[in-house]
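Student: Before I ask anything, here is the structure I am working with.
Derivation of every value follows stated rules applied to the coordinates shown; laboratory data play no part. Note that the structure is predicted; figures quoted are calculated from it, not measured. No Cβ is skipped: glycine too gets one built from the backbone with ideal geometry, and neighbour counts run over all protein chains shown.
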Amino acid sequence: MATPWNLDDLEIVGYADVLKGTVLPSVVPPVFRLKADSQRAFLPPYSFNAGFLYNATEVLQPELEELRDAREITLFDDVFPAHAGFELWVDQSFQWHYQPWGEAEQELRRIADEAIRNAEDALRKGDLQKAERLSGVAISADDRRVEPLAIKAAICRLNGNQAGEQLMAELAAPALKGKPFNGLVGDYCASRQQPAPAVAAPSPRRPMSNVACIRERQAA
Amino acid sequence: MSRQANLDGLCRNLEDYARKNGIGVPNPPSRAAERLSDSLFLAHSTSGEKFSDICGSGCLASAARLAADRSAPLAPGGAEVILGTAGSVFFYLSPFRYPNTGCGFLFAKTLESDRSDDGKATPFDSGGLLKAFTRPDAAEPPRAFLSRNELPIPEHRRYLGLSMDVLFDKPEDYVEGLEPRLPGPIGLTGGDHRRWTHEVRIPDRVPVRDSHLQAVFAPRSRVAADPEVEDLFQWCASEGVDHIAFDTPRRNDFEALRRECLLYIRRKLY
């Protein structure tokens, strides 16, 4: 078994992915290196336990550069220390954040909430392109949410794209199957036909209100 | 030496190796080895951005092709340049095993039959010759070692079937990624399970939206958020090609991809 590494002895030099703007924000797996020997770096797959990094693949600095050139990893201009219980994520402007896990979750959930609200608003106003883009932001920020899939399915239905609607139903199935999902899509489609109120109601009924069947994120 | 001669020699070496180690060589091969070696899918996995590009362009392309399309030279020190394999698209005859990837394609054996004239295989990951494995004769250049172990496709599956019976406790162990109980006659040491995973190389490009495509794998969020990926998944749905969107707990994409692929292969081939 490979040596576990204490996260206190590691720093972060980048992340093991290359991201397109359409899939942001995104949690990303860090690329680590030893503080004491900058030539030794560590790539996923790996796991964490009690402040240690396990089963990482060790590579040397030149190989990191090869992987960057092959568009398999992204390297930062600066490095920063690793911490146990922290999450690395990249926002919609490609800015990275390294935060305690709970804070990162909260921030990503907030981004998803806001993107869903704005997507619903865009859908109501008939701006389907914007609604679709914002749904992508929401699902990237929090892949447990069903609303962005339903919004995308509604857009497919409005555009007569049956295959697209069916695919969104498949993607939503682990959380929300059959009629409930169809009903939600119907609500979203109907919302488009309603004229937007001049002044926002104090507590508008959102299509997902009283729907709570989103799977729990697995513990680390 | 021709690839067919390499294959015949390698199969003879394996039979001799088995005899020397007191192992019987089943003739005909066991049903499990025959079935698995004959039907295993060709796997190509990649990072999210590249996967999106492949979905958009409609084909897997070699490093040389991608560089030519960008009008950029290949890095001279890269493993594929040194080994002369930069003009190939790479597959493993196994579940996804290239680490740090999150999306992938499986192709049916028919791709090998279709490209038997210009494709080739090796009973190991060629890239590992430079980085991970130790060759039996360090004086032999990696390119020469590679050349004398190149096998014809799809006939290389004959050696795979034999080695499943002779080297592994049971044929499924090859698929599951469990170490063989004997290293075999090739003589490589070091590295990981890619040391004994068959690699298939097809020159230049391999179309994706094609009858050889068996299945596509991507994280659920990526299918929903990336229009190119969504488009390919819609195509798969309309063509009856298997398309697997999976959850990635803590965004551990590779482990999730590997697990989903293994589950798929067990379901289809065991």
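Student: Pick from B:A224, B:A64, B:A33: which is most flexible by mean-square fluctuation in a GNM of chain B where alpha carbon atoms under 10 Å apart are linked?
Tutor: Of B:A224, B:A64, B:A33, the most mobile in the Gaussian network model is B:A224.
Student: In chain A, with Lys and Arg counted as +1 and Asp and Glu as -1 at Cβ, which of these residues, A:P25, A:P100, A:F86, has the Cα nearest the positive end of the dipole, that is, farthest along it?
Tutor: The Cα lying farthest towards the positive end belongs to A:P25.
Student: Can you tell me which of B:163-174, A:76-87 comes out highest on packing, and rank the rest after it, using the mean Cβ neighbours within 10 Å?
Tutor: B:163-174, A:76-87
Student: Right, something else. Taking only Cα atoms, what is the 0 to 90° angle, nearest 10, from helix A:128-141's long axis to the longest principal axis of chain A?
Tutor: 40
Student: Something else: Pick from B:I202, B:I54, B:I153 the residue whose mean-square fluctuation is largest in a GNM of chain B, springs joining Cα atoms under 10 Å.
Tutor: B:I54
Student: If you don't mind, there's one more thing I want to ask. Going by alpha carbons, how many degrees (0 to 90, nearest 10) lie between the helix axis of A:147-158 and the longest principal axis of chain A?
Tutor: 50
Student: Going by how many other Cβ atoms sit within 10 Å of their own, how do B:V229, B:V216 line up, fewest first?
Tutor: Final ranking by Cβ density, sparse to dense: B:V216, B:V229.
Student: How large is Rg over Rh for the protein assembly as shown, taking Rg from the Cα atoms and Rh as the Kirkwood inverse mean of 1/r across Cα pairs?
Tutor: Taking Rg over the Kirkwood Rh, I get 1.01.
Student: Turning to a different aspect of this structure: Report, in degrees rounded to the nearest 10, the 0 to 90 angle that the Cα long axis of helix A:162-172 makes with the longest principal axis of chain A.
Tutor: In chain A, helix A:162-172 runs at an angle near 60 degrees to the longest axis.
Student: Looking only at A:A112, A:A163, A:A41, which one moves most when chain A is put into a Gaussian network model with springs between Cα atoms under 10 Å?
Tutor: In the Gaussian network model the winner is A:A163.
Student: May I ask for the Kirkwood hydrodynamic radius of segment B:203-270, worked out over all distinct Cα pairs and given in angstroms to one decimal?
Tutor: One over the average 1/r among Cα pairs gives 12.9 Å for segment B:203-270.
Student: May I pose another question? Counting partner chain Cβ atoms within 10 Å of every residue's Cβ in A:162-169, what's the average? Present the calculation step by step, with values, prior to reporting the outcome.
Tutor: Working: counts 2, 7, 5, 1, 3, 11, 4, 0.
Averaged over the peptide's residues, the number is 4.
Student: If you don't mind, another one. Just counting partner chain Cβ atoms within 10 Å, what average do the residues of peptide B:224-236 show around their Cβ? Kindly include the intermediate steps, with their values, before the conclusion.
Tutor: Details: counts 15, 17, 6, 5, 2, 3, 9, 3, 0, 5, 9, 1, 2.
Mean shielding by partner chains, rounded to a whole number: 6.
Student: Restricting things to alpha carbons, tell me how big chain A is in terms of Rg and Dmax, in Å.
Tutor: 20.8, 65
Student: What would the Debye equation give as log₁₀ I(q)/I(0) for segment B:1-82 at q = 0.13, 0.24, 0.25 Å⁻¹, counting only Cα atoms as equal point scatterers?
Tutor: Result of the Debye calculation: -0.77, -1.20, -1.24.
Student: Please give the average number of partner chain Cβ atoms lying within 10 Å of the Cβ of each residue in A:41-50, rounded to a whole number.
Tutor: Neighbouring Cβ atoms belonging to other protein chains average 3 per residue here.
Student: Counting other C-beta atoms within 10 Å, which of A:K152, B:K20, A:K177 has the fewest, and how do the rest follow?
Tutor: Details: A:K152 31, B:K20 9, A:K177 12.
Taking fewest neighbouring Cβ atoms as first place, the list is B:K20, A:K177, A:K152.
Student: Right, another one. What whole number of Å gives the distance from the Cα centroid of segment B:92-170 to the Cα centroid of segment B:8-45?
Tutor: Distance between centres, Cα-based: 14 Å.
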